[in-house]
Amino acid sequence: QVQLVESGGGLVQAGGSLRLSCAASGRTFGGYGMGWFRQAPGKGREAVAAISWSRGSTWTPNSVKGRFTISRDNAKSTVYLQMNNLEPEDTAVYYCAARRTVLLGAAAQQYDYWGQGTQVTVAS
């Protein structure tokens, strides 16, 4: 079992930046692909970034490409999501997720463990 705890959310003005963190505990963090997802009210859960265990591969969708960057520090069992040039459309609850494979994944059903989420609100 892996426990994931997100932090770093909050209220920011459009054009601002936030860095989310996801700390993992429980079973070894080793060998897990990680992802960040978001869910806005009335919408489905959307993947916004993913990273492989080795950090050799990352993925972001076109909607956030060039603005969001995922990274991880395996020694600290922590994954980060740097979000720049935020837009009101980025307002959502952001979730961290882990999957029992070294590969990244872009779909929610590929992930086995989820955090409780952190709210990000971007004011216009």
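Which of the numbered conditions does Glu89 fail, given that it passes all the others? Conditions: (1) surrounded by fewer than 18 Cβ atoms within 10 Å (Cβ to Cβ); (2) part of a loop (DSSP other than H, G, I, E, B); (3) at pLDDT 95 or above. Answer for Glu89: the failing condition is (2). In segment 61-78, which residues are under 14 Å from the mean Cα position of the chain (by Cα), within 22 Å of Gly44 (Cβ to Cβ) and either crowded, with 17+ Cβ neighbours inside 10 Å or free of Cβ contacts under 8 Å to residues at least 12 places away in the same chain (or both)? If the condition is that a residue be under 14 Å from the mean Cα position of the chain (by Cα), within 22 Å of Gly44 (Cβ to Cβ) and either crowded, with 17+ Cβ neighbours inside 10 Å or free of Cβ contacts under 8 Å to residues at least 12 places away in the same chain (or both), then Val64, Lys65, Phe68, Ile70 are the ones that fit. Residues in segment 18-56 that are over 14 Å from Thr121 (Cβ atoms), outside any strand (DSSP E or B) and open to solvent by less than 70 Å² (accessible area, probe 1.4 Å): Phe29, Gly30, Gly31, Tyr32, Gly44, Ser52, Gly56. Does Val5 satisfy the condition of being crowded, with 23+ Cβ neighbours inside 10 Å, part of a strand (DSSP E or B) and not polar (S, T, N, Q)? No, not satisfied.
The values are calculated or read from the model by the stated rules, or taken from the named source; none is laboratory data. Worth saying up front: this structure is predicted, and the values here are computed from it rather than measured. Virtual Cβ from ideal backbone geometry, glycine too; neighbours counted across all protein chains shown. Please note that ligands, DNA and RNA were not included when accessible areas were found on the heavy atoms of the full protein model with its side chains. Shrake-Rupley method; radii C 1.70, N 1.55, O 1.52, S 1.80 Å.
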